[in-house]
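Visitor: I am attaching a structure below and will ask some questions about it afterwards.
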Amino acid sequence: MDAVIDLLHSSGVELVQYLQMNYRDSQSWFTFISFAADLRNTFFVFFPIWFHLCEAVGVKLIWVAVIGDWLNLIFKWILFGHRPYWWVHETSYYSNSSFPVLQQYPITCETGPGSPSGHAMGSAGVWYVMVTAFLTSTLQNKHVAYTKPLLCSRCLRSVLWTIFWLMQLCVCASRVFVAAHFPHQVCLGVTSGLIVAEAFGRTDVIYNVKFTQYLKITLSLFSFALGFYLVLKVLGVDLLWSVEKAQRWCARAEWVHIDSTPFAGLVRNMGALFGLGLALNSPIYAESCKGKRSQQFSFRLSCIVASLLILHLFDSVKPPTQTEFLFYFLSFCKSAAVPLAAVVFVPYCVSQIVNREEKKKLL
């Protein structure tokens, strides 16, 4: 079994070398793709856009992103997947020859286990939700319905799903290029992400969840992950084993970031889910986002633009990393504030501004 795994890993290393040698000039492109596939963009970019266009899609994006990334963490802890940039230094597979030299980049040295790929899993799940939502809303358009519906739907589906798979291919190639993942890890990530997204596509209960239920789910997910970690810690299994390997084998110490640790992602996701529950059950949300004004396109567009600007500024504020507990606490608060800002604060402020302008016109 070990021989099969070593063969799988060595084949993956060969692909990493091939990409790094033959597509060296595309480094900036691969780096951009990895950045674009980061789950942070779901919260700070995709969520505010989709929420104000179609609230159900925005809510589903958060659930798919949070639950998918939580499952990704559990899978990583169970599978104990290595990453190429440290595996080549620790394996005995190359004992009779020199080990391959892999280039490292600022985004290479993630500290969690490697299988499945979180970027590939998150990207597949989130983009699957957005593509299916766009197809559903477009194909239900009356203009399309009366204009060669079969031909239009087939062409639109073909174009969008081709773009979707090309995008997933780019994400997978990017993660392999930077030596953060083996090929089988990104393939497993894409498959897992699609399963999670499809499962939520068949679930309607997420649209009518009370705040107390959001709180219970958030606490349950966090408690399960923490309990899983502590139980195995007592049994002598350290699930943070990969952090030490990242610190040892990363080419530059400053490339190892605390926000790439397993618990950092867990805290961020729990904060986002908690904030969503708090926002959707706020009386201000009911007043601003569910009134007649929310049906106006100009109001929605204003909310999208304002949300993106505010969240961009908000994202530029990074929690201090000197104290680990403080970093996790502030990360939770920051993530919780994202849906609160997009769902409650921005629509309320926009509606107040519009109301004042209308009153001035009447006067």
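The values are calculated or read from the model by the stated rules, or taken from the named source; none is laboratory data. Bear in mind the structure is a predicted one, so any value in this text is a computation, not a measurement. All Cβ positions, even for glycine, are placed from backbone atoms using ideal geometry, and neighbour counts span all protein chains on display. Accessible surface areas use protein heavy atoms only, side chains included; no ligands, DNA or RNA. Shrake-Rupley method; radii C 1.70, N 1.55, O 1.52, S 1.80 Å.
Visitor: If I model a spin label as a point 7 Å beyond the Cα along the Cα-Cβ vector, how far apart are those points for D315 and F134 in nm?
Guide: With each label placed 7 Å out from Cα toward Cβ, I get 1.8 nm.
Visitor: With a ≥ b ≥ c taken as the square roots of the eigenvalues of the C-alpha gyration tensor of the stretch 237-298, please select rounded if a/c is under 1.5 and otherwise prolate if a/b is larger than b/c or oblate if it is not? If you can, show how the numbers build up before the last one.
Guide: Values: a/c = 6.59, a/b = 2.96, b/c = 2.23.
Cα axes put the stretch 237-298 in the prolate bin.
Visitor: Counting only heavy atoms of protein chains, what accessible area per residue, in Å², does the chain have with a probe of 1.4 Å?
Guide: Values: 18860 Å² over 363 residues.
Per residue, the chain has an accessible area of 52 Å².
Visitor: Sticking with this structure for a sec: Just F177, F30, F297 to compare: in a GNM of the chain, with alpha carbon springs under 10 Å, which one fluctuates most?
Guide: F297
Visitor: Step through the table entries K60/K245; K76/K318; K334/K360, compare each Cα-Cα distance with 29 Å, and write down the pairs that go over it. Working shown, then result.
Guide: Working: K60/K245 35 Å; K76/K318 26 Å; K334/K360 36 Å.
Correct reply: K60/K245; K334/K360.
Visitor: Tell me, what is the 1.4 Å probe accessible area of M21, in Å² to the nearest 10?
Guide: Approximately 130 Å² for this residue.
Visitor: Stretch H257-Y18 to full length: gain in nm at 0.36 nm per residue minus the Cα-Cα span? Let's see the in-between values first.
Guide: Numbers: separation 239, 0.36 × 239 = 86.04 nm, distance 2.73 nm.
Length difference between fully extended and current span is 83.3 nm.
Visitor: Kindly sort D204, D238 by accessible area of their heavy atoms, largest first, with the probe set to 1.4 Å. Show your work: numbers first, answer last.
Guide: Details: D204 105, D238 60 Å².
The most accessible residue leads, giving D204, D238.
Visitor: Give me the accessible area of Y128, 1.4 Å probe, in Å² rounded to the nearest 10.
Guide: 50
Visitor: At a Förster distance of 56 Å, what's the computed FRET efficiency of L79 paired with E357, Cβ-Cβ distance as r, to 0.05? Before the final figure, lay out each step's value.
Guide: Numbers: r = 56 Å, r/R0 = 1.00.
FRET efficiency, L79 to E357: 0.50.
Visitor: Still on this structure, please answer the following. I'm spelling it out carefully: the read-out is volume of the Cα convex hull per residue in Å³, the candidates are [x] 143; [y] 173; [z] 291, and one was derived from this structure. Which label?
Guide: Matching the structure shown: [y].
Visitor: Sort L340, L239, L219, L39 by heavy-atom solvent-accessible area, probe 1.4 angstrom, most to least. Please list the in-between numbers first.
Guide: Values: L340 55, L239 0, L219 100, L39 30 Å².
The residues order as L219, L340, L39, L239, largest area first.
Visitor: What does the charge dipole of the chain about its Cα centre add up to, to the nearest 20 debye, if the Cβ of each Lys and Arg holds +1 and the Cβ of each Asp and Glu holds -1?
Guide: Dipole about the Cα centre, nearest 20: 1500 debye.
Visitor: Another question, then. Describe numerically, in nm with one decimal, the distance between label points set 7 Å from Cα along Cα→Cβ at F325 and at E198.
Guide: Result: 4.5 nm between the two label points.
Visitor: Where does the chain land at 222 nm, in deg cm²/dmol rounded to the nearest 500, when only DSSP H runs of n ≥ 4 count, each adding -39500 (n - 2.57), divided by all residues?
Guide: Values: 16 runs with 255 residues, N = 363.
Calculated mean residue ellipticity at 222 nm is -23500 deg cm²/dmol.
Visitor: First measure r as the distance between the Cβ atoms of V205 and L8, then evaluate 1/(1 + (r/R0)^6) with R0 = 51 Å and state the FRET efficiency to the nearest 0.05.
Guide: Using R0 = 51 Å, I get an efficiency of 0.85.
Visitor: Here's a follow-up. Can you give me the solvent accessible area of K360 with a 1.4 Å probe, rounded to the nearest 10 Å²?
Guide: Solvent-accessible area, nearest 10 Å²: 140 Å².
Visitor: Compare T218, T203, T212 by solvent-accessible area with a 1.4 Å probe and give them largest first, with all protein chains kept in place.
Guide: Details: T218 10, T203 45, T212 85 Å².
Heavy-atom accessible area, descending, gives T212, T203, T218.
Visitor: Right, another one. Leaving out ligands, DNA and RNA, and with a 1.4 Å probe, what % of the accessible surface on the chain is carbon or sulfur? Walk me through the numbers before you get to the answer.
Guide: Details: 12400 of 18860 Å².
After summing per-atom areas, the C and S share lands at 66 percent.
Visitor: Between V305 and L235, how many nm apart are label points set 7 Å from Cα along the C-beta direction?
Guide: 5.6
Visitor: Lys and Arg at +1, Asp and Glu at -1: add these up for the other residues within a Cβ distance under 11 Å of Y93 and post the number.
Guide: Every neighbour counted, the sum reads -3.
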